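The values are calculated or read from the model by the stated rules, or taken from the named source; none is laboratory data. What you see is a predicted model; the values in this text were computed from it and never measured. So basically every Cβ, Gly included, is an ideal-geometry build from the backbone, and we count neighbours across all protein chains shown. Just so you know, the surface numbers come from the protein's heavy atoms only, side chains and all, with ligands and any DNA or RNA stripped out. Shrake-Rupley method; radii C 1.70, N 1.55, O 1.52, S 1.80 Å.
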Amino acid sequence: MNRTKSHILALDQGTTSSRAIVFDALGQAVSVAQREFPQIYPRPGWVEHVPDAIWKTPLNTARRALRLAKLRELRVDGGASANNLLMHFQGDL
């Protein structure tokens with residue numbers, strides 16, 4: 001029986017960047033990808049982000065981490081996502 005390798009994809013989105021990590025069945029990191037997104041400081045003590053960047057950077061880092069893992073067959077058995085941002089989107093999304 002030909003079994004597909006099992007992996008976990010973890011996504012972490014912090015204040016300044018998104019990161020994706022692929023772990024193998026033993027919990028070892030197979031690949032990591034990270035991408036920063038722009039910070040906008042409209043006034044002291046405030047930071048704003050471009051909604052499109054917050055949406056796209058996790059997707060792009062996940063794709064890169066999966067590509068870097070060089071897996072011919074991939075079955076993601078689990079996932080995790082963390083985001084410490086309190087977000088408010090205004091306008092059409």
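Say we look at the stretch 59-89 and pick out the residues that are at pLDDT below 90 and of a type in the set (S, T, N, Q); which of these is nearest to the chain's Cα centre (by Cα)?
The extreme case among them is SER81.
Tell me yes or no: at least one residue of the stretch 48-58 is of a type in the set (Lys, Arg), open to solvent by 60 Å² or more (accessible area, probe 1.4 Å) and at pLDDT 80 or above.
Step one: of the stretch 48-58, the residues of a type in the set (Lys, Arg) are 56.
From what's left, open to solvent by 60 Å² or more (accessible area, probe 1.4 Å): 56.
So of that shortlist, the ones also at pLDDT 80 or above come out as 56.
Yes: the stretch 48-58 contains one or more residues that are of a type in the set (Lys, Arg), open to solvent by 60 Å² or more (accessible area, probe 1.4 Å) and at pLDDT 80 or above.
Restricting to the stretch 10-39, what's the tally of residues that are in a loop (DSSP other than H, G, I, E, B) and of a type in the set (S, T, N, Q)?
Let us first name the residues in the stretch 10-39 that are in a loop (DSSP other than H, G, I, E, B), namely 14-16, 24-28, 37-39.
Retained after the next criterion (residues that are of a type in the set (S, T, N, Q)): 15-16, 28, 39.
Total satisfying the criteria: 4.
Could you please give the count of residues in the stretch 40-61 that are touching a residue at least 24 places away in the same chain (Cβ under 8 Å) and either within 16 Å of SER6 (Cα to Cα) or part of a loop (DSSP other than H, G, I, E, B) (or both)? Reasoning before the result, please.
As a first pass, look at the stretch 40-61 and keep what is touching a residue at least 24 places away in the same chain (Cβ under 8 Å): 47, 49, 51, 54, 57-58, 60-61.
Right, trim to either within 16 Å of SER6 (Cα to Cα) or part of a loop (DSSP other than H, G, I, E, B) (or both) and you get 47, 49.
Final tally of qualifying residues: 2.
Consider SER17 against the criteria (1) at pLDDT 60 or above; (2) over 10 Å from the mean Cα position of the chain (by Cα); (3) among the hydroxyl-bearing types (Ser, Thr, Tyr): it satisfies all of them except one. Which criterion is unmet?
(2)
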